[in-house]
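Visitor: I'd like to ask some things about the structure below.
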Amino acid sequence: MANSTVPRSRAEAETTETASRAADATGERPEKRKLSGKLSLRLRFRRDRTLILMTLPAVALVLVFNYIPILGNVVAFQEYDPYVSDNGFVAMLESPWVGVEQFQRIFADSAFWDAVRNTLVLFGLQLVLFFPIPIVLALLINSVIRPRIRAVSQAILYLPHFFSWVLVITVFQQIFGGAGIIAQTLRQHGYEGFDLMTDPGIFKFLVTSEGVWKDAGWGIIVFLAALASVSPDLYEAASMDGAGRWRRMWHVTLPALRPVIALLLVLRVGDALTVGFEQILLQRDAVGPGAAEVLDTYVWWNGVRNQDFSYAAAAGLIKGLVSVALVLAANKVAHFMGEQGVYKK
């Protein structure tokens, strides 16, 4: 009869041995360790100190470039003047406080609400037309049997992601612009040409199409990784039960993708107010701000470019708070649907 005190797995055995060594080094009694049922903080630190030291540079970078700059949002409540001092920190301390005046200016500006409307419309189009495409492409790639054909297809789909937005817009201009290939071909055959690149009415669909062409292939990586973890035994069992290709996809493949889809959907909803700064800024003059102005370009033109930094900080702070609220709300919906989301309950 096996001894009940023997660890049930190799991992538990290694953990127990590590804990014993750490306890011997620190002088902790085995009786106390057995009663506690878990390792103390000191023992866990001794066990994982190498991993902790490896993560310290990454933690330092996140603190310096992501968290410490948050303190600069204080200028949203000031009339910030960078020319008060050569030191930016001193300039913040000496700039006058104006309370919520910057926020009142933003909410009273009709251009701000136009930018919000354009941003939400673009987000809706990208969510409906862009988000499902990487899922469909991943299912198609996963169904390809020959590895060489699959590798070539993935390379072709990944390639546009590495193009800059300047190059992407140039390609679309050469195809759909007034002097593009399609317009010139129509004129040569006696038809009237067109210029989709300067049409405000279809600009949002044009921007979405550019995003699909550039990043849809890159988006399949996560879904292919999720599909690689699906056991082939499930497909074999479904086939033996008489399930065809569509049944296997509906009952085996898609359930395996549900957690990943839920997670990416939550993150995408949280990023709803960011719809592509560089892409839209490059095409803003061609269609006008009425069709192309979004929150990011609004902050740039009305805040940063005019050196009204307090106004820009206030607009950015509003955007950040709304994005956090959207992430929390979307995560609650994911929990309600039985998925984990960004974090557990």
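The values are calculated or read from the model by the stated rules, or taken from the named source; none is laboratory data. Keep in mind it's a predicted model, so treat the numbers as computed, not measured. Don't worry about glycine lacking a Cβ; one is built from the backbone with ideal geometry, like all the others, and counts go over all protein chains shown. Just the protein is used for accessible areas: all its heavy atoms, side chains included, with ligands, DNA and RNA removed. Shrake-Rupley method; radii C 1.70, N 1.55, O 1.52, S 1.80 Å.
Visitor: Under 8 Å for C-alpha pairs, at least 6 residues apart: give me the relative contact order for the stretch 162-275, rounded to a whole percent. Please report the intermediate quantities before stating the final value.
Guide: Values: 61 pairs, mean separation 18.4, N = 114.
In percent, rounded to a whole number, it is 16.
Visitor: Here is a follow-up. I'd like the carbon and sulfur percentage of the solvent accessible area for the chain, probe radius 1.4 Å, heavy atoms only, ligands and nucleic acids excluded. Walk me through the intermediate numbers first.
Guide: Numbers: 14240 of 21950 Å².
Roughly 65 percent of what the probe reaches on the chain is carbon or sulfur.
Visitor: How high is the relative contact order of the chain, given as a whole-number percent (alpha carbon pairs under 8 Å, six or more residues apart)?
Guide: 20 percent
Visitor: Can you list the aspartates and glutamates whose alpha carbon is less than 18 Å from that of K38, not counting same-chain residues fewer than 8 positions off?
Guide: Counting by Cα, and skipping residues close in sequence, K38 has these aspartates and glutamates nearby: E12, E14, E17, D24, E28, D48.
Visitor: Ranked from the most accessible area to the least, with a 1.4 Å probe and all protein chains present, what is the order of I70, I156? The partial results should precede the final answer.
Guide: Values: I70 90, I156 115 Å².
Descending order: I156, I70.
Visitor: Same structure, new question: How big is the stretch 119-288 by Rg and Dmax over its Cα atoms, in Å?
Guide: 19.6, 60
Visitor: In degrees, nearest 10, range 0 to 90: what is the angle between the Cα axis of helix 147-158 and the longest Cα principal axis of the chain?
Guide: Its long axis makes an angle of about 50 degrees.
Visitor: What is the extension gain from D233 to F131, computed as 0.36 nm multiplied by their sequence separation minus the C-alpha to C-alpha distance, in nm to one decimal?
Guide: Working: separation 102, 0.36 × 102 = 36.72 nm, distance 2.93 nm.
The D233-F131 span can extend by a further 33.8 nm.
Visitor: Rounded to two decimals, what ratio of Rg to Rh does the chain give with C-alpha atoms and a Kirkwood Rh? If you can, show how the numbers build up before the last one.
Guide: Working: Rg = 27.6 Å, Rh = 25.5 Å.
Over the Cα atoms of the chain, Rg/Rh equals 1.08.
Visitor: Still on this structure: Expressed as an acute angle from 0 to 90° and rounded to the nearest 10, what is the orientation of the C-alpha long axis of helix 203-215 relative to the principal long axis of the chain?
Guide: Taking the Cα atoms of the chain, the angle to 203-215 is about 40 degrees.
Visitor: Follow-up question, since we're still on this one. For the stretch 38-144, compute the orientation-averaged projected area of the C-alpha convex hull (one quarter of its surface), in nm². Walk me through the numbers on the way to the answer.
Guide: Numbers: hull surface 60.9 nm².
One quarter of the hull surface, i.e. the mean projection, equals 15.2 nm².
Visitor: Using only the alpha-carbon atoms, how far is helix 309-336 inclined from the longest principal axis of the chain? Give it as 0 to 90 degrees, nearest 10.
Guide: The angle comes out near 50 degrees.
Visitor: Let me ask something else. Return the single residue from T274, T208, T253 with maximal mean-square fluctuation; model: Gaussian network over the chain, springs between Cα atoms under 10 Å.
Guide: Sorting by GNM fluctuation, first place goes to T253.
Visitor: If you roll a 1.4 Å probe over the heavy atoms of the protein chains, what accessible area per residue do you get for the chain, in Å²? Intermediate values should be presented prior to the final figure.
Guide: Numbers: 21950 Å² over 345 residues.
Value returned for the chain: 64 Å² of accessible area per residue.
Visitor: Then there's this: Given the Cα-Cα distance of W250 and T50 and 0.36 nm per residue of separation, how much length would full extension add, in nm? If you can, show how the numbers build up before the last one.
Guide: Working: separation 200, 0.36 × 200 = 72.00 nm, distance 4.42 nm.
Full extension from W250 to T50 adds 67.6 nm.
Visitor: Moving to a separate point now. Show me the chymotrypsin sites (Phe, Trp or Tyr not before Pro) within the stretch 89-191 that DSSP assigns to loop and that have at most 14 other Cβ atoms within 10 Å of their Cβ.
Guide: Values: sites: F89, W97, F103, F107, F112, W113, F123, F130, Y158, F162, F163, W165, F172, F176, Y191; in loops: F163, Y191.
The qualifying sites are F163, Y191.
Visitor: A further question follows. Under a no-solvent Debye model with one identical scatterer per Cα of the stretch 45-94, what's log10 I(q)/I(0) at q = 0.27 Å⁻¹?
Guide: Treating every Cα as an identical point scatterer, log10 I(q)/I(0) equals -0.97.
Visitor: Here is a follow-up. Pop a pseudo-label 7 angstrom from the Cα along the beta-carbon direction at both L140 and L61 and give the gap in nm to one decimal.
Guide: 3.5 nm
Visitor: Want the number for Q307 to I156: 0.36 nm per residue separation, take away the alpha-carbon distance, what's left?
Guide: Here the segment from Q307 to I156 would lengthen by 50.1 nm.
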